[in-house]
Amino acid sequence: MTEKIDQVELREETIFTWGAPPLKFGAGALDEIGFDLSQYGVSRVLIITDPGLTALGIPQRIADSMKRYDVHAEIFDGVHVEPTDDSMEKAAGYAREQGPWDGFVAVGGGSAIDTAKAVSLLTTCAGELMDYMNPPIGKGVKPDGQFKPLVAVPTTAGTGSESTAMCVLDILSMKVKTGISHWRLRPTLAVVDPLLTMTLPPEVTAAAGMDIVCHALESYTAKPYTAYDRKQPEDRVTYCGSNPVSDLWSERAMSLIAESFRTCVHDGDDVEARSNMMMAATFAGMGFGNAGVHIPHADAYPIAGMVKDYRPSGYPQDEPMVPHGQAVSLTAPEAFRFCFEAAPDRHLRAAELLAPGRDRGDDPREELPNVLVDLMRDIGIPNGIGAVGYTESDVPDLVPGVMKQRRLLETCPRTPSEEDIAGILTRSVQNW
Ligand SMILES: [Fe+2]
């Protein structure tokens, strides 16, 4: 598509977009949500969370603190870890039956925040989740209407979902993970209180932290926004490729990770390290929430969606799962080996930010994969997709689930073919 500006015909993209919700960050931020919601004229709110957090009393504490500002809160704690179309429809059904609500508060990891985004969507717009999912899985309908205020309160340092306009879910019938992305899904306010992460077990801290690492790396190495065809304003998507503003946040996230990730896993009581990782998660969200992510996240969808019997320690044991942060990291070393030639300087800069002063080897292509493998070994991430139950013979079944993530693969600086993805998965059965 071309456009005329002052007689100059523009075929290349010259525009990038960047967005993030207002942020309230710091110890004790949790107890100010009532005031914040009252500023939006909210008086009846649904807190969307999971049973584990209810047991810790966190949603109730938020509900109690809101009374001071005449905000009445009820709690829905039916969020499913790694939410599905079914669990999201159920949450939306509850919200519709018990509504109307003036607003929503999501308390939890990405699962709770993404479920709240779906609830917000389905209580505002007509239709079903499938209508709004990214094509080719869904119809890609663009949500409209006036969404209610949504305050997102992350309790893990990972997904960055509090900053993004994306909602990720499993489609049970298709055994595939996919997403809905639209700027209207972006939370109205992110309230980030690092003290909420103090009790997370090391396994969860490690997996969630690898999600941050991948967000920062994938958005930093994403295809630049200038490499896309020019879009019409109505066709602009929330992910526009790497851009100067996202780069700043991704770089800073990597430095914070270098400083504090290992400490957080090995000494969870270190408040400064916990705070740094929470900031890294938020910063990386501000990066990838606008630039996008690519191969490691595309691979993670079927790796998590087609799980067999793997039950990771530190997580609920009632059903098998590959935590998102593990799923994204398992093919990351191979994915960045593959992408290296398309953006060598960025890969080298990222390796330096994540491991400052590290001795360089002879092969620049191996720098970033080596940094990732060292980190994953140190914090106890499983050694490749083989360690979560897949063998080489599963690769042909995993490939179609990756290829369905068209939007993500197009964000890669070097677009992979089916054979490329099969090779990346095969060489990721074992990473070291
Ligand atoms: Fe992620």
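The table below lists the values:
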{"read-out": "Any hit, the stretch 393-410, residues being under 21 Å from residue 210 (Cβ atoms) and either part of a loop (DSSP other than H, G, I, E, B) or small (Gly, Ala, Ser) (or both)", "value": "yes"}
{"read-out": "Among the candidates 314, 325, 357, residue that is open to solvent by 10 Å² or more (accessible area, probe 1.4 Å) and in contact with an Asp or Glu (Cβ under 7 Å, 6 or more places away or on another chain)", "value": "314"}
{"read-out": "Test: residue in the stretch 375-387 that is farther than 24 Å from residue 315 by Cβ and either in contact with a Cys (Cβ under 9 Å, 6 or more places away or on another chain) or without any contact (Cβ under 8 Å) to a residue 60 or more places away in the chain (or both)", "value": "no"}
{"read-out": "Selected residue (criterion: nearest to residue 407 (Cα to Cα)) from residues of the stretch 90-106 that are outside any loop (DSSP other than H, G, I, E, B) and open to solvent by 50 Å² or more (accessible area, probe 1.4 Å)", "value": "90"}
{"read-out": "Output for the stretch 152-169, where each listed residue is more than 21 Å from residue 123 (Cβ to Cβ) and not small (Gly, Ala, Ser)", "value": "154, 155, 156, 159"}
{"read-out": "Qualifying residue in the stretch 152-161 (condition: over 27 Å from residue 410 (Cβ atoms), open to solvent by 10 Å² or more (accessible area, probe 1.4 Å), of a type in the set (A, V, I, L, M) and modelled with pLDDT under 90)", "value": "yes"}
{"read-out": "Residue satisfying all of: in the stretch 53-65; free of Cβ contacts under 8 Å to residues at least 24 places away in the same chain and farther than 17 Å from residue 41 by Cα; least open to solvent (accessible area, probe 1.4 Å) among these", "value": "57"}
{"read-out": "Every residue from the stretch 173-185 that is open to solvent by 40 Å² or more (accessible area, probe 1.4 Å) and in contact with a Ser or Thr (Cβ under 7 Å, 6 or more places away or on another chain)", "value": "183"}
{"read-out": "Top-ranked residue in the stretch 208-237 [being hydrophobic (A, V, I, L, M, F, W, C) and farther than 21 Å from residue 26 by Cα; ranked as most open to solvent (accessible area, probe 1.4 Å)]", "value": "237"}
{"read-out": "Unmet criterion (only one of (1) touching a Lys or Arg at 6+ places or on another chain (Cβ under 9 Å); (2) within 29 Å of residue 61 (Cβ to Cβ); (3) of a type in the set (Gly, Ala, Ser)) for residue 109", "value": "(1)"}
{"read-out": "Entirely in the stretch 141-188, the strands (runs of 3 or more DSSP E) that have 3 or more residues that are within 16 Å of the ligand (Cβ to nearest atom) and within 22 Å of residue 407 (Cα to Cα)", "value": "166-171, 176-181"}
{"read-out": "Residue tally, condition open to solvent by 10 Å² or more (accessible area, probe 1.4 Å), part of a helix (DSSP H, G or I) and either farther than 15 Å from residue 153 by Cβ or without any contact (Cβ under 8 Å) to a residue 60 or more places away in the chain (or both), over the stretch 189-207", "value": "4"}
{"read-out": "Subset of the stretch 411-432 (residues that are closer than 30 Å to residue 226 by Cα and part of a loop (DSSP other than H, G, I, E, B))", "value": "411, 412, 413, 414, 415, 416, 417"}
{"read-out": "Residue within the stretch 334-348 that is within 14 Å of the ligand (Cβ to nearest atom) and over 23 Å from residue 367 (Cβ atoms) present", "value": "no"}
{"read-out": "Failed criterion for residue 111 (all others in (1) outside any strand (DSSP E or B); (2) modelled with pLDDT of 95 or more hold)", "value": "(2)"}
{"read-out": "Residue 311 closer than 27 Å to residue 50 by Cβ and among the basic types (Lys, Arg)", "value": "yes"}
{"read-out": "Selected residue [open to solvent by 70 Å² or more (accessible area, probe 1.4 Å) and under 25 Å from residue 292 (Cβ atoms)] from 410, 392", "value": "410"}
{"read-out": "Condition broken by residue 43, with the remaining ones in (1) over 30 Å from residue 130 (Cβ atoms); (2) touching a strand residue (DSSP E or B) at 6+ places or on another chain (Cβ under 9 Å); (3) among the small types (Gly, Ala, Ser); (4) open to solvent by less than 30 Å² (accessible area, probe 1.4 Å) satisfied", "value": "(4)"}
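Yes or no, residue by residue, for (1) over 22 Å from residue 188 (Cα atoms); (2) surrounded by fewer than 24 Cβ atoms within 10 Å (Cβ to Cβ); (3) touching a Ser or Thr at 6+ places or on another chain (Cβ under 7 Å); (4) not hydroxyl-bearing (Ser, Thr, Tyr):
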| site | (1), (2), (3), (4) |
| --- | --- |
| 67 | no, yes, no, yes |
| 75 | no, yes, yes, yes |
| 84 | yes, yes, no, no |
| 108 | no, no, yes, yes |
| 118 | no, no, no, yes |
| 132 | no, yes, no, no |
| 135 | yes, yes, no, yes |
| 141 | no, yes, no, yes |
| 145 | no, yes, yes, yes |
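The values are calculated or read from the model by the stated rules, or taken from the named source; none is laboratory data. Keep in mind it's a predicted model, so treat the numbers as computed, not measured. Glycine also receives a Cβ, built like all others from the backbone with ideal geometry; neighbour counts cover every protein chain displayed. Remember, those area values only see protein heavy atoms, side chains included, never the ligands or the DNA or RNA. Shrake-Rupley method; radii C 1.70, N 1.55, O 1.52, S 1.80 Å.
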